[in-house]
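S.K.: Pasting a structure below so you can have a look.
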Amino acid sequence: MTASALTRPGERERLSVKLLEIDWRLGLLLCIIAGLGAMMLYSIANSSWEPWADRHLMRFGVCFVVMLILALVDLRVWFLSAYPVYVIGFLLLIAVELVGHNALGATRWLKFGPVTIQPSEIMKIGVVLALARFYHGISAKDARLSWKLLIPAGLIMAPVVLVAHQPDLGTAVLIVLTGAGVMFMAGLSWRVLVIGAIGAVAAVPAAVLFVLHDYQVKRLTTFLDPEKDPSGDGYHILQSKIALGSGGLLGKGYGLGSQSQLNFLPEKHTDFIFATFAEEFGFVGCLGLLLLYAGVIVIALRIASISHSHFGRLSAAGVTCTFALYVLINAAMVMGLAPVVGVPMPLLSYGGTVMVTVMVGFGLVMAVRVHRYSEISSGRGALF
Amino acid sequence: MEPSIFFDEVNERQGAFHRRTFLLGGFAGVGLLAMTGRLMELQLLQANRYQLLSASNQFNFRLRPPPRGRVLDRNGVEIASNRPDFRLLVLRDEVKDVDATLDALSQLIAIPDQRREQLKKEIANSPRSVPVQVANGLTWDEFARINVRTPELPGVTAEMGEARLYPYGGAFAHVIGYVSKINKAELDKEGPNPEPLLLHPGFRIGKQGVEKSLDLELRGRPGAQKVEVDARGRVIREDPAGDIKAIPGKDVQLTLDADIQNRALEVFGEESGGAVLMDIKTGDVLCLMSAPSFDVNRFATGIPGPEYAALAGYERKPLLDKALSGTYPPGSTFKTMVALAALEAGYDPNTVHVCNRSWFWGGRTWHCDDSHGAQNLHGAIVTSCDIYFYQCALSIGPDKIAETARKFGLGEIFDIGIPGQRKGLVPDRAYKKRNFPRDPVWHPGETPSMGIGQGYTNLNPLQLCVQVARIANGQKALLPRLIRSVGGVERPSGAAVPDLDVNKEHLAFVRKAMADVVLSGTAASTGDLRLGPVKMAGKTGTAQAFNYTNGRGAHGAVGDWKGRDHAWFIAFAPYDDPRYAISVLVEHGGFGAQAAAPRAREIMRVALLKDPEVRARIEQPLDSPDSYGGVAPAPPTPIGPEPPGAVT
């Protein structure tokens, strides 16, 4: 029995049906990737569940349940909450600017008693929701090229400026690219895309000179010539490449990666966990892992494309876009193809923030699938 | 909005979205393919390179300095060896914060402020990957304390190495020299890529004496310890199978005898000077001592500046090797050479000259210590009559004296393996011509001075010992040998040399005269060995430290130390069957008979008593019950001022 066969009114609202509508293949892939992450964290901690592997699995378990609950939330509720989420996220970003908690030279966090939240993460989802909500209400022609596009551009740039000022370059880039992705999916004119790409490239030197912090510029120059100072700033990249390269075809074996086990590889359990994985499982293992990520992306795009609502399509595609960018930027960074920007490998890397963001995102994707037949009127509750 | 437009729009938007979805999927696919390509490049094409880099990350070969070869005396007694040394090293590359690290370390061991400043400089200037030694000679407690803390102190290691130990402290200081840290000049000599061993903080290079001349033999070849290290350089595991064994340096055996050497230093007390004792059959040097001495161990561990300044500034010059590098006028000991030269030149030993304390010649008065009356050559040696030798020397001239003196090794540098010797001078006419362009002529008035071992003549104690050894040997132009073997390979004996080109009867004449010096002459009271039938033959010397022609001034051990005469005694024993030759110099010691002869006697006694054949001879009288009592072996007799009256 497939969901599409159900035609009786109210049938789709039943919990058991909704649960069946959840894409369990996608859920399984996410579980496998998170499981691999826990396995690597166990290995890096010298065959110990502490301090990372157990917490990684616990977090994933909680996030997975959250994802299932979010999957059951009616898409219209998502639709209605799109702008409120964006606005709340934006206000929190401003609050960070004013009273944020400073750590490691950056102001990214807000403290509410025992809870610390990172508003820029909320904005990753918030921007996707707001853009999807906005494009839901305008015509294809307007989405292609019109003055109205200044609004999504503003929706993207307003939080980006605040995030970049924190400074959190990685997240800023991620939000910009995700936003651009959603605009692209909504049918943005190629001409605008090409001009925008050229403008972005042209802006790099200006950004280096006026906007970026010294350490950020240093990261960029180090990326361009990592061997210049192999024990200084080029250390991360060089050690990461050594970890990757020394893995060879089949890897050094589980728990036998000397680069990570002996601490040559910095951030081995967070941003550089892919290098650890590559060292222990080699090219074959990496290929398998990339195929898992590719599977997630393909399934999520498929979910986006079968949705009956434009909001559903664009929000699912936006989340997929964020996810794919995470994977590609992290992989490129670890392999020495991109500067070190502090973007983790989703679900594989240890870290609660990205886990929550990604799983909430997939909750949205799942919700799009569960409610793929929902029609959402552009009029109701629409601002535009 | 109108519904019709709404539905058209929906279809158009959906179509655009589907097209763009394919494109987005395509982009992601291309991105992932690019990653795969990069992975292939790193993991398949360049895998070997990165595997090598990974291994060199993971494994480290720690240089292990080889144990330095020992230096042994002729009986195998260690006179330079190694002791375990716990030391604390800091590697600049891995120390994050030098100040904080030094703070932490100074809670574990004492680091004086002055040393701390010096250390900061040293660490800042140290080459990468070459550790700096913060402290050595740690106690086990300190070593353990630091080892416990090293996990929190990146770049700090406490390790066990070896340090040089000189068990006798000062007795062999000038012969063995010492080892110390390599300095910039020595390092520069090694060229642009010095052996890594030289940079190791545990490495010491020979700076003086045998340690310097045989440094390469003593050094050995370094080994390496294979260890697995983490990113902070901390050792995770050792891999004994991968170790490269260090090859220890070769042991060097000297001809010296620790007992004789120690006794020599002992009898010198606070006096300054040198003593050399040789085996006249083999040329082996059994004693080569310079006094006062210093504890070389202080140099091996790094002597503090003020202590060094005190040594360097002391007027008795403990740092100078007086046996080899100090030259002194030989005084009356040189009369043996003048006598031999005269005999060789056909001089009649029965020629008589009369001495009545002064002799007027060449427009001035020449003095003697006593009024010896009428004497022949033999008598003049026994009483050391200056007036006889003024005239004797004049009758043969300086060149003949110099020629003979050189045959006996005077003015020569002997290759015994110790750098920094000075050859001194035996003057002749050619020397005068060469070195005094304004006054190139040898004046007759310069010959009498030379006849009593003054004037230009300047020699070192080793040369005088060789001279006596050749006289005593009676045949060979004996060479001294100090290094008996290196790594078990024997060095050529000092007796494997051509014969001495001197008439043997003339040598016997001089030996007889020297025997009488001790029996009844200038050293009659101070040169007696008190070893029963075993007697010594010798010649005293009291050399004016300054210009002889300026009148007598203070003679003997009176007045300011620096103005006193140098005391000499050269001797061989037993006088009837020579085995050992000795020369003793007491710098500014006064009379040779009083300051030098008793010391020579005491040193000689040790050599004779250690010689089984001589000992058998001494002990023989014990077989007859009548001779219990006054015979050897007698205890060493103290050195004290002898009754005056003996003259040179």
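S.K.: I need the full set of residues from the range A:251-280 which are at positive phi and either surrounded by 24 or more Cβ atoms within 10 Å (Cβ to Cβ) or small (Gly, Ala, Ser) (or both), in order please.
M.R.: A:Gly251, A:Gly253, A:Gly255
S.K.: Residues in the range B:571-621 that are of a type in the set (Gly, Ala, Ser) and part of a loop (DSSP other than H, G, I, E, B): how many?
M.R.: Of the residues in the range B:571-621, 2 are of a type in the set (Gly, Ala, Ser) and part of a loop (DSSP other than H, G, I, E, B).
S.K.: Taking the condition of being part of a helix (DSSP H, G or I) and over 23 Å from B:Lys120 (Cα atoms), how many residues in the range B:132-169 meet it?
M.R.: 4
S.K.: Whether any residue in the range A:286-295 is modelled with pLDDT under 95 and more than 9 Å from chain B (Cβ to nearest Cβ) is what I want to check.
M.R.: No, the range A:286-295 has no match at all.
S.K.: It is to be established whether one or more residues within the range B:210-218 are more than 30 Å from A:Gln261 (Cβ to Cβ), touching a helix residue (DSSP H, G or I) at 6+ places or on another chain (Cβ under 6 Å) and at pLDDT 85 or above.
M.R.: yes
S.K.: Check B:Asp251, B:Asp239 and return the single one that is acidic (Asp, Glu) and away from chain A (no Cβ under 14 Å).
M.R.: Numbers: B:Asp239 fails: away from chain A (no Cβ under 14 Å).
On inspection, the qualifying residue turns out to be B:Asp251.
S.K.: Any residue in the range A:43-62 that is more than 17 Å from A:Pro344 (Cα to Cα) and of a type in the set (Val, Ile, Thr)?
M.R.: For the range A:43-62, residues more than 17 Å from A:Pro344 (Cα to Cα) and of a type in the set (Val, Ile, Thr): present.
S.K.: Within the range B:222-329, considering only strands (runs of 3 or more DSSP E) that don't extend past its boundaries, which have at least 1 residues that are aromatic (Phe, Trp, Tyr) and under 30 Å from B:Ala55 (Cβ atoms)?
M.R.: In the range B:222-329, there are no strands (runs of 3 or more DSSP E) which contain 1 or more residues that are aromatic (Phe, Trp, Tyr) and under 30 Å from B:Ala55 (Cβ atoms).
S.K.: A further question follows. Looking only at helices (runs of 4 or more DSSP H) that fall completely inside the range B:390-495, which ones have 2 or more residues that are under 22 Å from the mean Cα position of the chain (by Cα) and crowded, with 19+ Cβ neighbours inside 10 Å?
M.R.: B:461-473
S.K.: Tell me which residues, restricted to the range A:159-204, are of a type in the set (Gly, Ala, Ser) and in contact with a Phe, Trp or Tyr (Cβ under 8 Å, 6 or more places away or on another chain).
M.R.: A:Ala186, A:Gly187
S.K.: Follow-up. Hey, among B:Gly302, B:Gly242, B:Gly233, B:Gly313, which residue is at pLDDT below 95 and in contact with a helix residue (DSSP H, G or I) (Cβ under 8 Å, 6 or more places away or on another chain)?
M.R.: B:Gly233
S.K.: Just checking: which of the helices (runs of 4 or more DSSP H) contained wholly in the range B:43-131 hold 2 or more residues that are more than 34 Å from the chain's Cα centre (by Cα) and in contact (Cβ under 8 Å) with a residue 12 or more places away in the chain?
M.R.: So the answer is B:47-58, B:98-106.
S.K.: Further question on the same structure: Being touching a Gly at 6+ places or on another chain (Cβ under 9 Å), buried (at least 20 other Cβ atoms within 10 Å of the Cβ) and over 30 Å from A:Gly312 (Cβ atoms) is the filter here, so list the residues in the range A:86-142 that pass it.
M.R.: Passing the criteria: only A:Arg108.
S.K.: Write out, first by first residue and then by second, each pair whose Cβ atoms fall under 7 Å of each other, whose residues are 6+ apart or on separate chains, and whose first residue, in the range A:166-180, is touching a residue at least 12 places away in the same chain (Cβ under 8 Å) while the second is assigned to a loop (DSSP other than H, G, I, E, B).
M.R.: Here the result reads A:Pro167/A:His213; A:Leu169/A:Val341; A:Gly170/A:Val341; A:Gly170/A:Gly342; A:Gly170/A:Val343; A:Val173/A:Val341; A:Leu174/A:Val343, each pair linking the range A:166-180 to a residue that is assigned to a loop (DSSP other than H, G, I, E, B).
S.K.: Shifting gears a bit: For residues that are of a type in the set (A, V, I, L, M) and within 7 Å of chain B (Cβ to nearest Cβ), scanning just the range A:303-323, find the one that is surrounded by the fewest Cβ atoms within 10 Å (Cβ to Cβ).
M.R.: A:Ala304
S.K.: Right, another one. Does B:His367 count as surrounded by 17 or more Cβ atoms within 10 Å (Cβ to Cβ) and under 27 Å from B:Gly527 (Cα atoms)?
M.R.: For B:His367, the condition - surrounded by 17 or more Cβ atoms within 10 Å (Cβ to Cβ) and under 27 Å from B:Gly527 (Cα atoms) - is not met.
S.K.: Could you check the range A:82-194 for helices (runs of 4 or more DSSP H) lying wholly inside it with 1 or more residues that are over 27 Å from A:Ala367 (Cβ atoms)?
M.R.: Values: elements: A:119-136, A:140-144, A:150-165, A:169-185.
The qualifying helices (runs of 4 or more DSSP H) are A:140-144, A:150-165, A:169-185.
S.K.: Those residues that are outside any loop (DSSP other than H, G, I, E, B), surrounded by fewer than 17 Cβ atoms within 10 Å (Cβ to Cβ) and over 33 Å from the mean Cα position of the chain (by Cα), I need them from the range B:496-518; list them, please.
M.R.: Scanning the range B:496-518 gives B:Lys504, B:Glu505, B:Ala508, B:Lys512.
The values are calculated or read from the model by the stated rules, or taken from the named source; none is laboratory data. Worth saying up front: this structure is predicted, and the values here are computed from it rather than measured. Reconstructed Cβ throughout: ideal geometry from the backbone, glycine too, with neighbour counts over all protein chains shown.
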